[in-house]
Amino acid sequence: MTRENENIAVRNRAPVPRSECPLAIAAELIGERWMLLIIREAFYGVIRFEDMLADLDIPRAMLSDRLKKLCDAQILEKRPYREPGTRQRMAYFLTAKGQALAAPLISLSQWAEQEVMEKPAPVEFVRRVTGETIRAKLVDANGTVAQPRDITIRLPEQR
């Protein structure tokens, strides 16, 4: 144990119950592996069931179930489409609520690139209009970048 860790309590409990914690609620909704991978597909522009099935190598019933849950949560929405000579099928698009996941997903992707892959990712996130690279950052209300070590939590009664 280093000197800086000597004053850290060994036992501690989360300051809020899981049922009230935004991170826990998000994890319950989309934290399961297949949910994240399906959302990833939608971010990459994959919208057809059969294409997701092929990309993910997921059991058909599981993909159907997860797509239904993501639609019920209003993260994805179904829209009909028809290719020439085929029956009508459904495509899955990110809703505004789903698109709002861009920041945490880009953060997670950039974390994996830096901390897990330890090499440049085969894709990068860029601003559509300018082509400038997008980087996820932690910033305070003044726009100043904060490092994780500089962040703590505050409960509402401490405001």
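The values are calculated or read from the model by the stated rules, or taken from the named source; none is laboratory data. Everything numeric here is computed off the predicted structure, so don't read it as measured data. Methodologically, a virtual Cβ is constructed for each residue, glycine included, from the backbone with ideal geometry; neighbour enumeration extends over all protein chains shown.
Values as computed for the structure displayed
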quantity: Failed item in (1) modelled with pLDDT under 95; (2) of a type in the set (Lys, Arg); (3) closer than 17 Å to LEU36 by Cα, with LYS119 passing the rest; calculated: (3)
quantity: Condition broken by LYS137, with the remaining ones in (1) under 22 Å from ALA26 (Cα atoms); (2) modelled with pLDDT under 95; (3) outside any loop (DSSP other than H, G, I, E, B) satisfied; calculated: (3)
quantity: Residue count for region 27-54, restricted to those that are charged (D, E, K, R), more than 16 Å from LEU94 (Cβ to Cβ) and part of a helix (DSSP H, G or I); calculated: 3
quantity: Qualifying positions in region 91-131 - among the small types (Gly, Ala, Ser), in a helix (DSSP H, G or I) and under 22 Å from ASP51 (Cβ atoms); calculated: GLY98, ALA102, SER109
quantity: Per-region count, region 52-96, residues under 15 Å from ILE39 (Cβ atoms) and among the polar types (S, T, N, Q); calculated: 2
quantity: Options ARG87, ARG149: the member that is within 30 Å of ASN12 (Cα to Cα) and out of contact with any helix residue (DSSP H, G or I) (no Cβ under 7 Å at 6 or more places or on another chain); calculated: ARG149
quantity: Close pairs from region 94-122: first without any contact (Cβ under 8 Å) to a residue 12 or more places away in the chain, partner surrounded by 12 or more Cβ atoms within 10 Å (Cβ to Cβ) and in a loop (DSSP other than H, G, I, E, B), Cβ under 7 Å, at least 6 apart; calculated: GLU113/ALA121
quantity: Search result, residues across region 88-111 that are hydrophobic (A, V, I, L, M, F, W, C) and within 30 Å of LYS78 (Cα to Cα); calculated: MET90, ALA91, PHE93, LEU94, ALA96, ALA100, LEU101, ALA102, ALA103, LEU105, ILE106, LEU108
quantity: Among the candidates GLU157, GLU113, residue that is out of contact with any strand residue (DSSP E or B) (no Cβ under 8 Å at 6 or more places or on another chain), charged (D, E, K, R) and surrounded by fewer than 10 Cβ atoms within 10 Å (Cβ to Cβ); calculated: GLU157
